[in-house]
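Encoded as C-alpha cells, the structure appears first; notes follow it.
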Amino acid sequence: MPLTGRIALVTGAARGIGRAAALRLARDGADVAVCDLQPDVEDTATRIRELGRRSAAAVVDVADPVQVGDGIRQLSEVLGDIDILVSNAAIVSNIAPLTKMSHERWQRELDINLTGAFNVVQAVIGAMIKRNWGRIIVMSSGAAHGGLHHQVAYAASKAGLIGMAQTITLEHARHGITCNAILPGLIETEKVQRMPAEIRDATAAITPARRLGSMDEVAHLIAFLATEQAGFINGAEIDIDGGMRLNTGSLGSRKEVRTQRGLDER
Ligand SMILES: NC(=O)c1ccc[n+]([C@@H]2O[C@H](COP(=O)([O-])OP(=O)(O)OC[C@H]3O[C@@H](n4cnc5c(N)ncnc54)[C@H](O)[C@@H]3O)[C@@H](O)[C@H]2O)c1
C-alpha cells in the first residue's frame, strides 16, 4: 500500500471531506490522527481502527495556537511525528453582503480558515524538516479565484491559503516537503446535500461535467498528493471541479447563480 508506515493528520475530520480523506489515507496504509472542534471526531478514529490502522483523535479549535500545539503533541506521542498533513477544517457560516458583515464574524472566519491552517502547519513542519520528508495538502476552494457573492471572508481566506501554500513550497521544497492547494467546486458532502435544490442544480448546470463532485473523488486526490510518487508536484493549485473554472469566472458572479439565489434583487 502506498502510504504504509506514514503518519497522517487530518483537521476537521468529524465529517465531510476531512472524514472521507482520513478514511482513504487509512485504506492506503497510513496511520491517521484526526482532530476537530466536534467530539464525534472520535467516531472517525474508531472507523480507522476498524480498518486495521492506528488512530488517535483530539478535540481542537484550529484557530487557537495553544490548543493546536497541545493537541498535536498528544497525537504525536501516541502515533509518532506527522508525515502528511491535510489542513481541511473550515467554516462557511458567515454569509452576508460586505456592508452587513460584522468585524467579529469576518475575523472568526479568517481565524479558522486561514490562521488555523498556519497554526497547524507551524506545529508539524519542524518534524518534517528534521526527517527531510513531508506532504502538506491545504483545502482551498474554487472561491479563491473570482470571489463568491456574500462570502467575502470565506473567499479571502481561501485565496490567502494559496499564498501560504506557495510560500511553504518556496521555503521548504528543499527539505523534501511538498505543499499543494486543492480547489474543489461544489462537493456532495452531508452539508451540501442539505442545500436548497435550486443552488445545487444551478451549480451543476454551470459545471461542464453537469454534476457535483463526490467526497471520494477529493479523497482520492488527497491520497495521491500524499504519496512518494507525487514528490515533484509542489506549490500547485489543483482544481477538482468538473471543469467549472473554465466556465467563465467565479461561481458567485454567474448570472444563473445570482438569479437563483435572488442576489441581484438586493
Ligand atoms: N464541500 C464543498 O463543496 C467544498 C467546496 C470547496 C472547498 N471546500 C473546503 O473543503 C474543506 C472541507 O469541506 P466540507 O464541506 O467537508 O466541510 P464541513 O463543514 O462538512 O466539515 C468541516 C469540518 O471542520 C470542522 N471545524 C470547523 N471549525 C473548526 C475549528 N475551528 N477547529 C477544528 N475543526 C473545525 C467542523 O466541525 C467539520 O467537522 C473545507 O476547507 C472547505 O472550505 C469544500
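What residues qualify as long-range amide H neighbours of A58, i.e. H under 5 Å apart, gap of 5 or more or another chain, H built at 1.01 Å from N?
Close amide H contacts, sequence-distant or interchain: V34, C35, D36.
Set the Förster radius R0 to 41 Å, insert the Cβ-Cβ distance between M195 and T4 as r into 1/(1 + (r/R0)^6), and round the FRET efficiency to 0.05. Can you show the working numbers first?
Working: r = 38 Å, r/R0 = 0.92.
In this case the efficiency is close to 0.60.
Which ordering of R53, R174 is given by a fewest-first count of other beta-carbon atoms within 10 Å? Walk me through the intermediate numbers first.
Numbers: R53 24, R174 10.
Least crowded to most crowded, the residues run R174, R53.
To the nearest 20 Debye, how big is the dipole of segment 1-52 about its Cα centre, given +1 on the beta carbon of each Lys and Arg and -1 on that of each Asp and Glu? Spell out each step's value before the answer.
Working: 7 positive and 7 negative charges, 39 e Å.
Result for segment 1-52 is approximately 180 debye, rounded to the nearest 20.
Once you place label points 7 Å from the Cα toward the Cβ at S102 and T227, how far apart are they in nm?
4.8 nm
Once you have a ≥ b ≥ c as the square roots of the Cα gyration tensor eigenvalues for segment 1-68, tell me rounded if a/c is under 1.5, and otherwise prolate or oblate according to whether a/b is larger than b/c.
Verdict is prolate for segment 1-68.
Could you compute Rg(Cα) / (2.2 N^0.38 Å) for segment 35-102, with N its residue count? Before the final figure, lay out each step's value.
Working: Rg = 15.3 Å, N = 68, 2.2 N^0.38 = 10.9 Å.
That works out to 1.40 for segment 35-102.
Given 10 °C and 1.306 mPa s, how large is the Stokes-Einstein diffusion coefficient of the chain in µm²/s, with Rh as the Kirkwood radius over Cα pairs? Write down the numbers at each step before the final one.
Values: Rh = 18.6 Å.
Stokes-Einstein gives a translational diffusion coefficient of 85 µm²/s.
Given charges of +1 on the Cβ of Lys and Arg and -1 on the Cβ of Asp and Glu, with all other atoms neutral, how large is the dipole of the chain about its Cα centre, in debye to the nearest 20? Write down the numbers at each step before the final one.
Working: 29 positive and 30 negative charges, 82 e Å.
About 400 debye.
If I model a spin label as a point 7 Å beyond the Cα along the Cα-Cβ vector, how far apart are those points for H220 and L170 in nm?
The two pseudo-label positions are separated by 3.4 nm.
For the chain, what is the mean residue ellipticity at 222 nm derived from helices alone (per DSSP H run of n ≥ 4: -39500 (n - 2.57); sum divided by total residues; nearest 500 deg cm²/dmol)? Walk me through the intermediate numbers first.
Numbers: 10 runs with 113 residues, N = 266.
Rounded to the nearest 500, the figure is -13000 deg cm²/dmol.
What is the magnitude of the charge dipole of segment 84-236 about its Cα centre, with +1 placed on the Cβ of each Lys and Arg, -1 on the Cβ of each Asp and Glu, and no other charges, expressed in debye to the nearest 20? Before the final figure, lay out each step's value.
Details: 13 positive and 11 negative charges, 35 e Å.
Around 160 debye, computed over segment 84-236.
Throughout, read-outs are computed from the coordinates displayed, never taken from laboratory work. All values reported here derive from a predicted model rather than from experimental measurement. Note that we place each Cβ from the backbone using ideal geometry, even for glycine, and neighbour counts take in every protein chain shown.
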